[in-house]
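> Got a structure for you, written out below as structure tokens; questions coming shortly.
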Amino acid sequence: MFVLENGAKKKGEDPRLQAISQAIRVVPHFPKQGIMFQDITTLLLDHSAFKDVVDIFVDRYRDMDISVVAGVEARGFIFGSSIALGIGAKFVPLCKPGKLPGEVISEKYVLEYGTDCLEMHVGAVQHNERVIIIDDLVATGGTLSAAIILLERADAEVVECACVIGLSDLKSKFFTKNNKTDKAFFQVRSKLNGKPLYILVEPRQVENGF
């Protein structure tokens, strides 16, 4: 497990992490050639590993006075709602356009090819409520950045972002090298608006899948 903050924290020795990593199926060349898709559906089939994921997050956030857990559609809903129950917070879904029936506020963000958008119900969070944002995986940070902006527009205080998986190239961008700050660290952190990013495992690379 590692935390991407003002400085790098080394990966922990929690024995649960290996089981979590092994429970995630790797599907080569999906959805396109060259992509090693990290499939968390197999993690959800493993009650022990799924519980370990939730327990680790709950242990981290239980005493941080978090009142809102915001989950990014769709897999962030699975982990976020469980974490919210565990720490006694409310759960707020951040959805793709057209999924929420009430009045919404929205935030567009740029993808590699085109744009996307996140929406949240007006009134879902209150002024100065402390929020964590949950998703299954972070790659470039664009979606999490949009989530931060959306919540801050509602006057919430975003405390941290958290994901089960962080892509290996992300680690090279965030972590410092030889006690000298990697320039790319600031480039990617600026996309997360300076918010800490908490990640459990790095993706596995395999030849023929899980």
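> Can you name the condition, by its number, that Leu85 falls short on among (1) assigned to a helix (DSSP H, G or I); (2) closer than 24 Å to Asp63 by Cβ; (3) within 15 Å of the chain's Cα centre (by Cα)?
Going through (1) assigned to a helix (DSSP H, G or I); (2) closer than 24 Å to Asp63 by Cβ; (3) within 15 Å of the chain's Cα centre (by Cα) one by one, Leu85 breaks only (3).
> Hey, can you tell me all the residues within the stretch 111-124 that are of a type in the set (A, V, I, L, M, F, W, C) and at pLDDT 95 or above?
Matches in the stretch 111-124: Cys117, Leu118, Met120, Val122, Ala124.
> Right, Ile56: part of a helix (DSSP H, G or I), farther than 24 Å from Val158 by Cβ, touching a helix residue (DSSP H, G or I) at 6+ places or on another chain (Cβ under 9 Å) and of a type in the set (A, V, I, L, M, F, W, C) or not?
For Ile56, the condition - part of a helix (DSSP H, G or I), farther than 24 Å from Val158 by Cβ, touching a helix residue (DSSP H, G or I) at 6+ places or on another chain (Cβ under 9 Å) and of a type in the set (A, V, I, L, M, F, W, C) - is not met.
Residue-wise test of (1) farther than 25 Å from Asp39 by Cβ; (2) touching a strand residue (DSSP E or B) at 6+ places or on another chain (Cβ under 7 Å); (3) open to solvent by 60 Å² or more (accessible area, probe 1.4 Å); (4) at pLDDT 95 or above.
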position: Ser81; (1), (2), (3), (4): no, yes, no, yes
position: Ala84; (1), (2), (3), (4): no, yes, no, yes
position: Pro93; (1), (2), (3), (4): no, yes, no, yes
position: Tyr109; (1), (2), (3), (4): no, yes, no, no
position: Gln126; (1), (2), (3), (4): yes, no, yes, yes
position: Ile133; (1), (2), (3), (4): no, yes, no, yes
position: Ala146; (1), (2), (3), (4): no, yes, no, yes
position: Ala162; (1), (2), (3), (4): no, yes, no, yes
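> Here is a check on your reading of the model: is Gly34 under 18 Å from Val201 (Cβ atoms), part of a loop (DSSP other than H, G, I, E, B), modelled with pLDDT under 95 and open to solvent by 20 Å² or more (accessible area, probe 1.4 Å)?
no
> If you check every pair at least six apart or on different chains, which have Cβ atoms under 6 Å apart with a residue in the stretch 107-134 that is within 25 Å of Phe57 (Cα to Cα) first and a residue that is among the acidic types (Asp, Glu) and surrounded by fewer than 19 Cβ atoms within 10 Å (Cβ to Cβ) second?
Note: pairs meeting the criteria are His127/Asp155; Asn128/Glu157; Arg130/Asp65; Arg130/Glu157.
> Note down all Cβ pairs under 7 Å where the first residue falls in the stretch 42-56 and is of a type in the set (Asp, Glu), the second is assigned to a helix (DSSP H, G or I) and open to solvent by 40 Å² or more (accessible area, probe 1.4 Å), and they're at least six residues apart or on different chains.
Close Cβ pairs satisfying both conditions: Asp52/Arg16; Asp52/Ala19.
> Quick one: which residue in Ile105, Ile56 is in contact with a Leu (Cβ under 7 Å, 6 or more places away or on another chain) and more than 30 Å from Gln22 (Cβ to Cβ)?
Ile105
> Determine whether the stretch 68-78 contains at least one residue that is open to solvent by 10 Å² or more (accessible area, probe 1.4 Å), under 17 Å from Val125 (Cα atoms) and without any contact (Cβ under 8 Å) to a residue 24 or more places away in the chain.
yes
> Could you check the stretch 69-86 and list, in sequence order, the residues that are out of contact with any Asp or Glu (no Cβ under 9 Å at 6 or more places or on another chain) and among the β-branched types (Val, Ile, Thr)?
Answer for the stretch 69-86, where residues must be out of contact with any Asp or Glu (no Cβ under 9 Å at 6 or more places or on another chain) and among the β-branched types (Val, Ile, Thr): Val69, Ile83.
The values are calculated or read from the model by the stated rules, or taken from the named source; none is laboratory data. This is a predicted model, so every value here is computed, not measured. With ideal geometry, Cβ positions are generated from the backbone for all residues, glycine too; neighbour counts draw on all protein chains shown. Note: areas computed on protein heavy atoms with side chains; ligands, DNA, RNA excluded. Shrake-Rupley method; radii C 1.70, N 1.55, O 1.52, S 1.80 Å.
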